[in-house]
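Here is the structure we will look at, set down as structure tokens.
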Amino acid sequence: MRSTDTKPDYTGRRYVPPAEYRDPATQYTSYTGPVPTVTHLHGAIGVKDHSDGYSEAWYLPAARNIPAGHARHGRWWQFLADKAHREHGVTWSEGSQMATYPNNNRVSTLWFHDHAMGLTRLNVYAGPANFYLVQGTHGDALDSRTGTPAIAPFMNHSDVWVKSPPRPGQDICLAIQDRSFNRDGSLFYPSSRSFFDGYGGPLYPEAPHIPPNWVPEFFGNTLLVNGRTWPFHQVEQRRYRLRLLNGCGSRTLYLDFRDIPGIEVWQTGNDGGLLDAAVNVSAQPGWRANRVVLAPAERVELLVDFTEVPAGRHLLRNVGPDAFFPGGRPAEPGEQPRAGSTRWTSARSSSRPPTRPPPAG
């Protein structure tokens with residue numbers, strides 16, 4: 001019985017370009033229809049299987065260019081659609097997915113991305129990835145000095161800010177991803193393993209364990225933040241909450257605040273939510289001082305104090321090498337090329353925090 005989500009059997013058939021494809025019994029060709037997709041909420045707790053974004057529950061959009069006889073969804077799509085209907089009364093129409101999230105996480109920074117079978121790396125690279133923020137109530141964290149509720153900086157209330165009330169735009173989400181581009185501005189991604197290590201074959205089906213279009217790793221030469229190359233953000237001399245996501249497929253980031261004079265960085269949260277106590281990143285020993293390490297898919301929450309940063313243009317750099325999980329310290333000037341940077345402008349503000357250390361709650 002034929003099934004989706006399995007390696008195709010090309011026995012007795014030869015590849016031809018799409019324009020020459022005529023006989024499915026003796027030929028096979030490239031797929032030219034719409035892109036499969038399914039959404040996964042990365043880091044969510046208590047999500048049922050029908051809403052978790054199983055790779056085999058992919059689906060095609062309700063498009064008109066789906067090749068005749070082609071499956072419109074993966075083998076688990078219908079099973080999970082039926083289960084979602086029984087448990088929540090929702091109906092999945094063709095070309096869609098309905099997910100139910102209980103939001104059982106404590107205050108935390110999550111993210112969602114595509115999870116389609118065999119295409120996750122390509123779909124996330126093309127763009128479908130973003131933040132999913134779980135906000136809390138006044139009882140989620142206590143200020144250890146007073147025992148009163150402490151809320152991380154968000155919108156118009158927070159014990160962290162005390163006499164320096166926040167303004168919209170001071171809770172900033174930064175999704176960092178690496179990309180490479182062709183001369184015409186389109187995205188470049190290796191089409192074969194030969195780009196990675198020079199290996200040109202044999203490939204599938206002659207060598208079933210080596211797919212022809214997968215590469216073990218890929219490192220783009222340009223960093224994007226929220227989909228923008230060489231981004232720029234203007235800040236005041238005050239504190240900001242930064243939520244950082246490493247959305248790269250392979251690259252581990254070493255984010256270096258050292259080139260920003262007077263900066264002070266505190267880590268207040270990680271993938272699981274707010275920490276029991278803030279960690280002063282600026283006071284860490286050796287190469288870790290004012291540097292934040294982020295592996296692929298990792299999130300971190302920072303309280304960044306620009307109070308003493310002089311007005312001007314400043315750079316937040318990635319100083320990590322082209323490596324998946326690099327060991328040891330990050331590269332120093334002259335040792336490895338920088339993959340990219342983010343510019344910051346510090347402007348004078350009449351409203352400043354009364355003290356440098358944040359509350360310990």
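Listing for the model above:
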| item | result |
| --- | --- |
| Amide H contacts of Gln27 (H built 1.01 Å from N, under 5 Å, at least 5 apart or other chain) | Arg14 |
| By accessible area with a 1.4 Å probe, ligands and nucleic acids excluded, highest first: order of Thr37, Thr307 | Thr37, Thr307 |
| Order of exposure, largest accessible area first, which applies to Trp92, Trp214, Trp230 with probe 1.4 Å | Trp230, Trp214, Trp92 |
| Residue list for the stretch 270-289, given a label point 7 angstrom along the Cα-to-Cβ vector of Arg106 and an amide N cut-off under 11 Å | 270, 272-277 |
| Interchain or long-range residues, amide H under 5 Å from Asp178's placed H | Leu224, Cys248, Gly249 |
| Per-residue ³J(HN,Hα) for the stretch 105-114, Karplus 6.51 cos²θ - 1.76 cosθ + 1.60, θ = phi - 60°, Hz, x for Gly and Pro | 5, 6, 3, 6, 10, 9, 8, 10, 7, 5 |
| Accessible heavy-atom area order of Ser186, Ser93, highest first, probe of 1.4 Å | Ser93, Ser186 |
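The values are calculated or read from the model by the stated rules, or taken from the named source; none is laboratory data. Note that the structure is predicted; figures quoted are calculated from it, not measured. No Cβ is skipped: glycine too gets one built from the backbone with ideal geometry, and neighbour counts run over all protein chains shown. Calculation scope for accessible area: heavy atoms of the full protein, side chains included, ligands and nucleic acids excluded. Shrake-Rupley method; radii C 1.70, N 1.55, O 1.52, S 1.80 Å.
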